[in-house]
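Step one of this worksheet: look at the structure below.
The values are calculated or read from the model by the stated rules, or taken from the named source; none is laboratory data. Note that the structure is predicted; figures quoted are calculated from it, not measured. Every residue, glycine as well, gets a Cβ built from its backbone with ideal geometry; the counts of neighbours run over all protein chains shown. SASA here: full protein model, heavy atoms, side chains in, ligands and nucleic acids out. Shrake-Rupley method; radii C 1.70, N 1.55, O 1.52, S 1.80 Å.
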Amino acid sequence: MARWKARRSRRARPANGGGAVYGLGMIGAVVYFFQSAESGRDYVLALPRAIFWPALLVYKVLKNLYG
C-alpha cells in the first residue's frame, strides 16, 4: 500500500514550467508596451495590457474565425 501511494504522489505532481514561460512573456509585454507608450495614460495602462493581452488576442482570433 505504501509503495502505491509513493508512486501515485510522484505522478500527481504538476509541471510548473508554464508559469515561468508566462512570466517571461508578461515581462516582455510590459517592456514592449512601455517602449511604445507616448503619453502618461499609456504608461499607466502598460501593466494591465501586458496582463490581459493573451485573452484579448484569443478573443479577436475567435471573433475573426467565427463571427
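Table: residues versus (1) at pLDDT 90 or above; (2) outside any loop (DSSP other than H, G, I, E, B).
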site	(1), (2)
Arg8	no, yes
Arg13	no, no
Gly18	no, yes
Ile27	yes, yes
Pro54	no, yes
Val58	yes, yes
Leu62	yes, yes
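How many residues, within the stretch 34-67, are touching a helix residue (DSSP H, G or I) at 6+ places or on another chain (Cβ under 7 Å) and open to solvent by 60 Å² or more (accessible area, probe 1.4 Å)? Can you show your working first?
Taking the stretch 34-67 as the starting set, the residues that turn out to be touching a helix residue (DSSP H, G or I) at 6+ places or on another chain (Cβ under 7 Å) are 34, 37, 43, 46-47, 49-51, 53.
After this cut, where a residue has to be open to solvent by 60 Å² or more (accessible area, probe 1.4 Å) as well, the list is 34, 43, 47, 49, 51, 53.
Adding up the residues that qualify gives 6.
Inside the stretch 32-67, can you point out the residues that are under 25 Å from Val21 (Cβ atoms) and charged (D, E, K, R)?
If the condition is that a residue be under 25 Å from Val21 (Cβ atoms) and charged (D, E, K, R), then Arg49, Lys60 are the ones that fit.
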